[in-house]
1. At residue 7 and residue 155, where each label point lies 7 Å from the Cα along Cα→Cβ, what is the point-to-point distance in nanometres?
2. Would you work out if segment 35-124 is rounded, prolate or oblate? Take a ≥ b ≥ c from the square roots of the eigenvalues of the alpha-carbon gyration tensor; rounded if a/c is under 1.5, else prolate when a/b is larger than b/c, oblate otherwise.
Amino acid sequence: MTGRPPRPAEWLAQAHEDPRHARALLRTCGRVALRTGLLWDVVQVADDAGLAAVATGRVNGPALHDARQGAVRFLVSPTGGWCVRGTAYLGGGTLVCVPTPEVTGPPGPYWLTPPDGGGELTDPVALFEVLAHLTGPGADRGWCGLCGRPGPSRTLRVPGPTGPGHAVPVHGCCAPSTGVAPRGGARPPPLD
């Protein structure tokens, strides 16, 4: 096995706590739920903007289309600080259902660009530039910035690394309570 890059399904399975179990699920069920944060995170965008981003040819790397949820999900290296209007950054252990790399068409979620097995991810800088243009003012789909589902009802003030930060749309059930401290030990900011 030395010198041979892993097959795409084997690479995907590495993003599971039990890669052997994940490989078995991919083989038998054709899909598996994987947690973000281990090998990659996900940037989710409305499918019209996501499909347009892929069509530009400037965005390369693994991308999933889920027509039922109206979303395109790009696998990116954990970046932190993501902020593009109309998108959701799914990191820190969010479950994402992925099909086997061979599934490249409907029905169900499918790969627009399947993983190559070598670990190449979508370039977050190129994705940021393309999506910032495609999802500018007025294109906000209303994704929760914490869980990635549509229809948030509140906003959460997220501190920036060097400044005051920004407001993130969230569902009331996703917003941390005032008794839970986020990373870094600080109390969570108030809901708007």
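None of the figures in this text is laboratory data; all of them are computed from the coordinates on show. What you are looking at is a predicted structure, and each value in this text was computed from that prediction instead of being measured. Cβ coordinates were reconstructed from backbone atoms using ideal geometry, including for glycine residues, and neighbour counts include every protein chain displayed.
1. 4.9 nm
2. Verdict is rounded for segment 35-124.
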